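**Q** Submitted below is the structure of interest, expressed as structure tokens.
The values are calculated or read from the model by the stated rules, or taken from the named source; none is laboratory data. The structure displayed is predicted, hence computed values, not measured ones. With ideal geometry, Cβ positions are generated from the backbone for all residues, glycine too; neighbour counts draw on all protein chains shown. With ligands, DNA and RNA removed, areas are computed over all heavy atoms of the protein, side chains included. Shrake-Rupley method; radii C 1.70, N 1.55, O 1.52, S 1.80 Å.
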Amino acid sequence: MAKNMQPILKRCRTLGIEPGTMGVDKKSNKNPKQSRKKMSEYGLQLNEKQKVKFIYGVLEKQFRKYYVMATKKNGITGEMLLQILETRLDNVIFRLGLANTRREARQIVNHGHILVNGKKVDIPSYLVKPGEVISVREKSKSSPRIKEIVETNASRIVPDWLDMDKNTLTGKVVALPNRDHIDYEVEEHLIVELYSK
């Protein structure tokens, strides 16, 4: 499985993302790159796509597949694309506070620590649906690493499309996320414009 191994802070600076969006606490001590020339329309569209791909840790082939899925759904394509990305299992684990970053969430899922409706799911790109229950495997609950993660993220706000019981480490998908649940700056219409050329 291919994965993005670029340094997070450096990439955040390049794409103009707050490190907190990635689950990283550090502040970059350098200023964002100031471009000397005005970015073209294509450059803006490409930058927006790269930013969203980087936030969710998705590579081009899969991202394009999500875009095609979004075009077939009822609703605004850009918003549907963000909804699909938000409902990825690795993102849900991150949102529930069961991982510090989406990269770590992907690893937790890959290693089989997560159950969906009581069944082990080790595919980070699994798309959750409303009503599904996500929990940490009984064996994994006693893991020092999982305990440490849960303590670290005790104060993290869980979005209202998810419900989390921190005592049992069980979350539930209450509804599908909408545009208001996206907590970072994104102009998704630019991505749609880029792909629809």
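**Q** Rounded to the nearest 20 Debye, what is the dipole magnitude of the chain about its Cα centre when Lys and Arg each give +1 and Asp and Glu each give -1 at the C-beta?
**A** 880 debye
**Q** Positive end of the dipole of the chain, charges at C-beta (+1 Lys, Arg; -1 Asp, Glu), about the Cα centre: which of ALA105, SER135, ILE93 has its Cα farthest in that direction?
**A** Positive-most Cα among the choices belongs to ALA105.
**Q** I'd like the orientation of helix 60-72 relative to the chain: the angle between its Cα long axis and the longest Cα principal axis, in ° from 0 to 90, rounded to 10.
**A** 90 degrees
**Q** Next question. Using Kirkwood radius over Cα pairs in Å as the read-out, say which of (i) 16.4; (ii) 17.0; (iii) 17.6 was calculated from these coordinates.
**A** This structure yields the entry labelled (iii).
**Q** Further question: When the helix-only estimate is applied to the chain (DSSP H runs of n ≥ 4, each -39,500 (n - 2.57), divided by the residue count), what is the mean residue ellipticity at 222 nm, nearest 500 deg cm²/dmol?
**A** -12000 deg cm²/dmol
**Q** List the pairs from LYS49/LYS129; LYS10/LYS61; LYS10/LYS49; LYS119/LYS141 whose alpha-carbon separation is above 21 Å, in the order I gave them.
**A** Long pairs (Cα-Cα over 21 Å): LYS49/LYS129; LYS10/LYS61.
**Q** Please give the charge dipole size of segment 82-131, origin at the Cα centre, charges +1 on K and R Cβ atoms and -1 on D and E Cβ atoms. Round to the nearest 20 debye.
**A** 60 debye
**Q** Moving on. Which of the aspartates and glutamates could be linked to LYS197 by a straight reach, that is with a Cα gap under 18 Å, when you skip same-chain ones fewer than 8 residues away?
**A** Of all the aspartates and glutamates, those that pass the test against LYS197 - Cα under 18 Å, at least 8 places apart if same chain - are GLU41, GLU48, GLU60, GLU187, GLU188.
**Q** Leaving out ligands and nucleic acids, note down the accessible area per residue over the chain with a 1.4 angstrom probe, in whole Å².
**A** That works out to 58 Å² for each residue.
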